[in-house]
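Nothing in this text is a laboratory measurement; each read-out follows from the coordinates by a stated rule. Note that this is a predicted model, so its numbers are computed, not measured. With ideal geometry, Cβ positions are generated from the backbone for all residues, glycine too; neighbour counts draw on all protein chains shown.
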Amino acid sequence: MVNRIALILSLCVGGANGYVAMPSHHVSKHFLKTSPSSRRSTQLHSMYQNHPHWPDDASPSEDFSINKPIFYNDFDDLIALTQEEGQFWENPSAEQSSSSIPSNLRPTRTSDTTISDFLNARISQVTKDSRQLLKNWRNGHAESFGAFTINEQYLRNKEENKEDGPDSIPYDWVRRVDIGQYPRVACGSAYGSIFVADATSKQVMGVARGVHYSENSDEYANALDEQLRQCIYGEYDGGGVLDVAMFGKNVVASSGREGGVKLFKLLEDGNQAELMPQGDVKALIRLMPGALPIVVTCMKFDSYGRLYLGCSDGFLRIVSFPQDFIFGDDFDLNPQDLHVTVVPHWSDQVPSPILSLDVSEELEMVVTSHVNGNACLYSMKEHEDVYNMASGRREQVGVIGVWNPFTADKSYARSVTFTSKDSLHGPKYAVVVGGGNGEVWVNDIYPEYGESKTGEVFVDEYVQKFEPNHVGPVISLCSRPEGLIVSVGHDGMLRMTQTWIGLKNPKKATPWPLYGLGGYKAWIGSVCIDDEGKRLISDGMDDAVIVHDFSEYEKEENSQ
């Protein structure tokens with residue numbers, strides 16, 4: 001039995017969600033010293049076999065069995081299997097009808113091969129499901145629905161004729177959205193409120209009203225200058241929250257036009273829940289008399305609970321929290337316990353405001369997009385020296401690469417994301433940038449940049465442009481493994497595009513538009529994909545948050 005358990009532990013790793021994850025996407029043990037949450041990146045095999053520009057190193061007929069080992073985690077099933085196996089040998093004639101193990105996977109006479117057979121069958125099923133899920137994404141097969149409305153209380157008051165009372169609240173609009181541990185979703189509103197909701201039950205769980213600047217607010221001063229506001233919103237400024245980020249089931253961070261970052265935690269007690277304010281990040285508040293706080297335009301948590309902030313002064317900041325607050329039940333956050341790191345700028349010029357950022361834990365990198373059109377790559381390897389362009393020396397943290405695809409028309413880089421694609425020679429990576437002119441560009445990057453003495457990380461000869469352009473700025477980007485890119489602009493169109501990364505002949509591998517999802521309003525502000533790689537979530541529908549579930553389509557097909 002000891003050997004059998006060792007076999008289980010050696011073959012099973014990752015999240016307990018049943019999706020395929022490649023070992024190259026595990027978080028490096030040097031990335032952080034803390035314990036990770038359940039968030040994981042997904043890595044799925046490609047099923048796109050009919051594309052005319054299939055990469056040379058991954059033919060349509062490739063045998064997936066010779067690829068890297070497929071990892072998954074189903075400890076519950078395996079524990080049940082070993083328990084029922086013991087019961088089976090004690091009483092082979094015992095009734096097993098209530099077993100949670102499928103009949104074709106129950107123990108046979110050879111106990112040593114039982115778990116091996118079960119693992120093989122499970123791997124085969126998970127691989128099949130993962131390929132079907134990826135196919136659904138590429139074909140646009142999804143169940144789409146409004147997950148919840150932030151005007152639940154407003155509508156209830158209206159039904160009870162209380163909309164004009166002393167405790168009345170205004171009709172509100174969703175302006176930013178982020179996914180925590182699904183189905184938990186956080187969003188910010190036009191009136192400066194923060195909501196946490198459950199997308200499955202379609203109910204708002206907690207709300208902090210009016211905590212950020214809005215046009216109807218008298219409590220806060222607007223610190224957002226006009227040029228930066230134009231870059232963030234273009235011609236469609238819906239007001240309210242600048243960005244929101246969620247970690248796990250209950251930790252939320254948000255930023256508004258008054259500057260700084262506010263923190264919240266959802267307190268749950270049975271059927272009751274309340275979104276409790278936890279103070280501000282004090283390091284973003286300037287101490288000079290009359291000086292406004294630093295405006296945070298974008299933010300994102302990693303799977304260890306560190307919060308990355310893109311700021312109006314052009315600097316990337318990283319906020320580290322006490323472990324009891326992030327992973328425990330501590331609701332008494334002391335702002336003095338927060339540690340804020342300011343990453344050095346890469347040149348002697350005045351830093352350009354950051355408009356968007358993304359984090360890759362596989363590469364241990366962060367990428368930011370700027371008003372001057374630059375996309376900057378940062379190394380977060382704490383225990384490995386890298387070439388820092390800011391100092392010209394090899395240091396632990398710093399900017400390792402800069403790329404500007406908008407030099408022709410001097411457009412700003414409005415949005416940015418990492419993307420990846422697996423191949424027989426290992427995973428390939430790229431950076432995708434969306435501009436204020438509606439263009440989207442993709443550029444491969446070298447993950448082995450640490451060996452470079454010049455700091456060159458972008459593969460300039462692999463630069464590709466998406467066609468056609470969006471109408472208006474590309475407000476938000478997100479990606480899914482296998483090079484799938486979701487882009488959205490002020491044209492109200494959410495587009496899915498297939499990119500081809502790491503090809504030897506890039507001129508034959510232009511990004512391929514797959515389909516678009518229409519009907520969104522021009523005020524759409526954000527799109528994001530959950531950690532299981534199953535769902536796409538966005539705002540852009542007034543007071544509702546929209547979910548496109550690509551896993552439910554398969555279930556509906558199989559049930560018919």
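Cross-linked pairs Lys135/Lys534; Lys162/Lys262; Lys410/Lys465: Cα-Cα separations exceed 19 Å for Lys162/Lys262.
The length gained by stretching the chain between Glu215 and Ile285 to full extension, at 0.36 nm per residue less their Cα-Cα distance, is 23.0 nm. Qualifying GluC sites (Glu not before Pro) in region 172-252, where qualification requires a DSSP coil assignment and no more than 13 other C-beta atoms within 10 Å, comprise Glu215, Glu219, Glu235.
If the chain linking Thr407 and Lys158 were pulled fully straight, counting 0.36 nm for each residue of separation and taking away their Cα-Cα distance, it would gain 84.4 nm. In a DSSP loop and with at most 14 other Cβ atoms within 10 Å, the chymotrypsin sites (Phe, Trp or Tyr not before Pro) in region 152-231 are Tyr171.
Computed extension gain for Glu268 through Thr510, at 0.36 nm per residue and net of the alpha carbon distance, reaches 82.2 nm. Along its principal axes, region 305-358 has C-alpha extents of 43, 21, 14 angstrom, given from the largest down. Between Asp491 and residues 5 or more places away or on another chain, which pairs have amide H atoms under 5 Å apart, with H built 1.01 Å from N, and which residues are they? Answer set, sorted by chain and number: Val471. The calculated P(r) of region 105-246, using every Cα pair and 5 Å bins from 0, goes 2, 8, 12, 13, 13, 11, 10, 7, 6, 5, 4, 4, 3, 2, 1, 0 in percent.
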